[in-house]
There are 2 protein chains.
Amino acid sequence: MNQIQLAKGTRDIAPSDKLLKNQVVSTLQKIFELYGFMPLETPILERYETLAAKFAAGEASDALKEIFRLNDQGDRDLGLRFDLTVPLARYVAMNPTLKMPFKRYAVGEVFRDGPIKLGRYREFWQMDIDTVGTGSMLADAEIIAMTAAAFQKFNLNIKIKVNNRKVLNGILEQAGIQEKEQAIIAIDKLDKIGVEGVTTELKERGYSKQQIESVFSFISAKTTLSQLQKKITTAEGKEGLQELEEVFSYLKSMKISQAIFDVSLARGLAYYTGTVFEAYLPKGAVASSLAGGGRYDNLIGNYLGGGRIIPAVGISFGIEPIMDTLKALGQQEQKSTAKVLVIPINTIPESLALLQELRTAGIPTDIAIGKKGVSKNLEYASSLGIPYVIILGEQEVKKKKILLRDMKSGMETLLSLKTVIQRLAD
Amino acid sequence: MNQIQLAKGTRDIAPSDKLLKNQVVSTLQKIFELYGFMPLETPILERYETLAAKFAAGEASDALKEIFRLNDQGDRDLGLRFDLTVPLARYVAMNPTLKMPFKRYAVGEVFRDGPIKLGRYREFWQMDIDTVGTGSMLADAEIIAMTAAAFQKFNLNIKIKVNNRKVLNGILEQAGIQEKEQAIIAIDKLDKIGVEGVTTELKERGYSKQQIESVFSFISAKTTLSQLQKKITTAEGKEGLQELEEVFSYLKSMKISQAIFDVSLARGLAYYTGTVFEAYLPKGAVASSLAGGGRYDNLIGNYLGGGRIIPAVGISFGIEPIMDTLKALGQQEQKSTAKVLVIPINTIPESLALLQELRTAGIPTDIAIGKKGVSKNLEYASSLGIPYVIILGEQEVKKKKILLRDMKSGMETLLSLKTVIQRLAD
């Protein structure tokens, strides 16, 4: 092979990053399970028809072109999944006896054959948590509470903006705006481009000065729920307000203080029907949104057809933004799995016995392999980020002592096995 | 959609099975990390050229046809990875400054567009652990020791057969057999088809009675290393014996008693060059082989070309066989993530507060969502395998007591929150 390359738009996750990624994923999994969600695995390969059905059901068809399409040897038309929601809908459809609510989480690769920009890949991971089969606001509150608990585990002081699409629809209706989707996409940018920017966008989309002023009479970063209660008059808007009140009352009972009402939050995607939420780090944020989601009561039912109504609410965690944030805050716990490297000097049997004692004590331990000499092995430990080294010579074996070297300070101490285990177990 | 189906040869892993699968994977990951192996993630999409290069390097080209092949929008020729070894070789090639030995593990989906038999899928998981860049038998011994430790974690009383391909080659050479691969494939079946079966196969492949007798003078289930030492005369055979002795001496120092010498073990695949090993459950086995691997000193170097020699040794764990074995032995720990379902009876705020207290105490807890009534919710808990239910009525709230129902016995007890937490935390 002359040119060894990755496929365009893909990448390797090097060991130290993968260690952090595993830590992020498993921390989140534990929280999902603490909240009673069950894991589900669906295949990466799906029938093309299954994947394309989402778009027939109304979503923008640009994404249809981004499906990686392929055939099997039986010439069947297949594709690689582009999200974890379509496979969830298919699973629900194929398992009619599933007990509702069905609370599931899923983690894994999804694929989109789209344009490649900085930080955008054609193969990436998603992590979705959804409660399917109930319209109760308890489900929405529980997902918000779970999100708060998850970021607490990472020591990230996040806030969760909460809004309801029915409220936004109500506001737009009162402002006399018919084509709500375009307006919602503009309003969603309030945070980034400010009132002026949103005004410009709304003007460009042909809304009148009066309409725009009407929208901004409802929407600002400081708008409270009680202010809106006095102003919103449409049925849909009122329903949205009531749902929000219910969610916030549940969150209060659950002692979740991270959730805040934000009337400008829309969450770009078109398929949300009620509650929407987004977790973000208010200060020093590397990434604006760390997790986001909402209620989508029509998507699964539309997908299945036959007039079935299957309400659902879910959230997606951004594994990459969370990793980047933890790295930026210096919270990447370990760069190496091994906590100590044992270097034998003519003491292979004794070193192997020691190795196993340390491992049995639960201390991740590595042994120098090959006859490279001490300095080369110290270099090896250092480049892998292994924090301690044990140099075991015949002298130490005789004395029943262990020479422990702290790689950071370079300090070497002669210790008993018991002390070494205590020190490394910290 | 009329017919909602999975792609042929794929399947869903339902929540209770996925829970077990996660448990198997994370138990193994912890052991790999205890042994100082680092995780590596490589993409599922690779350039077709990268995948096909393995076959140019000499492996049977039947498998080449089983690559799922596809194009991206730039008309690039891509494929889905069919194993985790080729991506490892590519990663080593693309990272020339990688410190050796490179100890890595990898877990994930691989794809093969092959014929579908019972229990064979076109998308399945592999779990590989490899030490790259050293020919030292310490690496082989460490992987065998790690395998023993892994199955101890599962309480599976396995044995690990160990052999060396050089020994087999030496025996065949002394028996005057030139085309060793065919003979090795036949000998590998000794366990399953016995001496008679292997004899028949060797005859069919055209070996003489004398040759076959010569082979069996070396090979039986009871052959010991010291017996072979007296009989083997070829250089390659002697080298293999010496390597085996070295591996077993290291295993002795590491106090690994599960490893046993078995001269008939060959491990079908052609690319092994030295040590081969296989973990199996001697009694009441559901699956014969639970993990297997060996040394392959030529594969990565051949793959990279340019005359590079990159020795390597690795093992692959069979996630499915391990899951099946644990299930058959009744060792599937839990079928539900939630340990308790809280059913509020006009006590939503108090139930939500209780829910969070239990979750904060680390007890996976679910709440009944929707207005289904107690009996429907008991049915829900029972069908999901949730072992306990709390029915929280106004009476209990007043008394500051909790009614805990054991779903197995049906027994209900009125307890304090503290006692409930103690009982559920077990």
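The values are calculated or read from the model by the stated rules, or taken from the named source; none is laboratory data. Source: prediction; values computed, not measured. When we count neighbours, we look across all protein chains shown, and the Cβ atoms used for this are built from the backbone with ideal geometry, even at glycine.
Within segment A:53-68, count every residue that is at the interface with another protein chain (Cβ under 7 Å from one of its Cβ atoms) and at pLDDT 90 or above.
Quick first cut of segment A:53-68, residues at the interface with another protein chain (Cβ under 7 Å from one of its Cβ atoms) only: A:53, A:68.
Right, trim to at pLDDT 90 or above and you get A:68.
The total comes to 1.
If we scan segment A:306-324, do we find a residue that is part of a loop (DSSP other than H, G, I, E, B) and under 21 Å from the mean Cα position of the chain (by Cα)?
At the first step, the residues of segment A:306-324 found to be part of a loop (DSSP other than H, G, I, E, B) are A:306-311, A:318.
Narrowing further to those that are under 21 Å from the mean Cα position of the chain (by Cα): A:318.
Yes, the conditions are met somewhere in segment A:306-324.
Are any residues in segment B:388-426 in a helix (DSSP H, G or I), away from chain A (no Cβ under 14 Å) and free of Cβ contacts under 8 Å to residues at least 60 places away in the same chain, and if so, which ones?
Across segment B:388-426, the qualifying residues are B:GLU394, B:GLN395, B:GLU396, B:LYS398, B:LYS399, B:LYS418, B:THR419, B:GLN422, B:ARG423.
Looking at segment A:183-220, which of its residues are small (Gly, Ala, Ser) and either in a helix (DSSP H, G or I) or under 20 Å from A:GLY237 (Cα atoms) (or both)? Step through it out loud before you land on a result.
To start, the set of residues in segment A:183-220 that are small (Gly, Ala, Ser) comprises A:183, A:186, A:194, A:197, A:206, A:208, A:214, A:217, A:220.
The answer is A:ALA183, A:ALA186, A:GLY194, A:GLY197, A:SER214, A:SER217, A:SER220.
Within segment B:221-260, restricting attention to residues that are outside any helix (DSSP H, G or I) and touching a strand residue (DSSP E or B) at 6+ places or on another chain (Cβ under 6 Å), which residue is surrounded by the most Cβ atoms within 10 Å (Cβ to Cβ)?
B:ALA259
If the requirement is being within 7 Å of chain A (Cβ to nearest Cβ) and part of a helix (DSSP H, G or I), which of these qualifies: B:LYS18, B:LYS30?
After applying the criteria, what remains is B:LYS18.
Please determine whether any residue of segment A:83-103 is of a type in the set (S, T, N, Q), in contact with a Leu (Cβ under 7 Å, 6 or more places away or on another chain) and either facing chain B (nearest Cβ under 7 Å) or surrounded by fewer than 17 Cβ atoms within 10 Å (Cβ to Cβ) (or both).
No, segment A:83-103 has no match at all.
B:GLN5: in a loop (DSSP other than H, G, I, E, B), among the polar types (S, T, N, Q) and either facing another protein chain (nearest Cβ under 7 Å) or in contact (Cβ under 8 Å) with a residue 12 or more places away in the chain (or both), yes or no? Explain how you work it out, then say what you get.
Working: in a loop (DSSP other than H, G, I, E, B): yes; among the polar types (S, T, N, Q): yes; either facing another protein chain (nearest Cβ under 7 Å) or in contact (Cβ under 8 Å) with a residue 12 or more places away in the chain (or both): yes.
So B:GLN5 passes the test.
Tell me, please, whether a residue that is more than 7 Å from chain A (Cβ to nearest Cβ), assigned to a loop (DSSP other than H, G, I, E, B), within 30 Å of B:GLN152 (Cβ to Cβ) and of a type outside the set (Phe, Trp, Tyr) can be found in segment B:339-354.
Yes - at least one qualifying residue is present in segment B:339-354.
Are any residues in segment B:126-137 at the interface with another protein chain (Cβ under 9 Å from one of its Cβ atoms) and surrounded by fewer than 23 Cβ atoms within 10 Å (Cβ to Cβ), and if so, which ones?
Across segment B:126-137, the qualifying residues are B:GLY133, B:THR134, B:GLY135, B:SER136.
Tell me yes or no: at least one residue of segment B:304-323 is in contact with a strand residue (DSSP E or B) (Cβ under 8 Å, 6 or more places away or on another chain), under 22 Å from B:THR223 (Cβ atoms), among the aliphatic types (A, V, I, L, M) and touching a residue at least 24 places away in the same chain (Cβ under 8 Å).
Within segment B:304-323 (the criterion being in contact with a strand residue (DSSP E or B) (Cβ under 8 Å, 6 or more places away or on another chain), under 22 Å from B:THR223 (Cβ atoms), among the aliphatic types (A, V, I, L, M) and touching a residue at least 24 places away in the same chain (Cβ under 8 Å)), the answer is no, since none of the residues qualifies.
Listed residues B:GLY194, B:GLY135; which is among the small types (Gly, Ala, Ser), at pLDDT below 95 and either touching a Leu at 6+ places or on another chain (Cβ under 8 Å) or in the same structural domain as B:LEU281 (by TED's automatic domain parsing) (or both)?
B:GLY194
Here are some residues: B:LEU341, B:LEU281. Which one is surrounded by 19 or more Cβ atoms within 10 Å (Cβ to Cβ), within 17 Å of the chain's Cα centre (by Cα) and either over 30 Å from B:ARG90 (Cβ atoms) or among the hydroxyl-bearing types (Ser, Thr, Tyr) (or both)?
The conditions single out B:LEU281.
Answer yes or no: is there a residue in segment A:380-387 that is of a type in the set (A, V, I, L, M, F, W, C), under 26 Å from B:MET146 (Cα atoms) and part of a strand (DSSP E or B).
no
Could you tell me whether any residue of segment A:342-364 is of a type in the set (S, T, N, Q), over 30 Å from B:THR27 (Cβ atoms) and touching an Asp or Glu at 6+ places or on another chain (Cβ under 7 Å)?
yes
Test A:GLN73 against the criterion of being more than 9 Å from every other protein chain (Cβ to nearest Cβ), surrounded by fewer than 16 Cβ atoms within 10 Å (Cβ to Cβ), among the polar types (S, T, N, Q) and at negative phi, and give yes or no.
When the stated conditions are applied, A:GLN73 does not pass them.
Report whether or not B:THR50 is more than 8 Å from chain A (Cβ to nearest Cβ), touching a strand residue (DSSP E or B) at 6+ places or on another chain (Cβ under 9 Å) and of a type in the set (Val, Ile, Thr).
When the stated conditions are applied, B:THR50 does not pass them.
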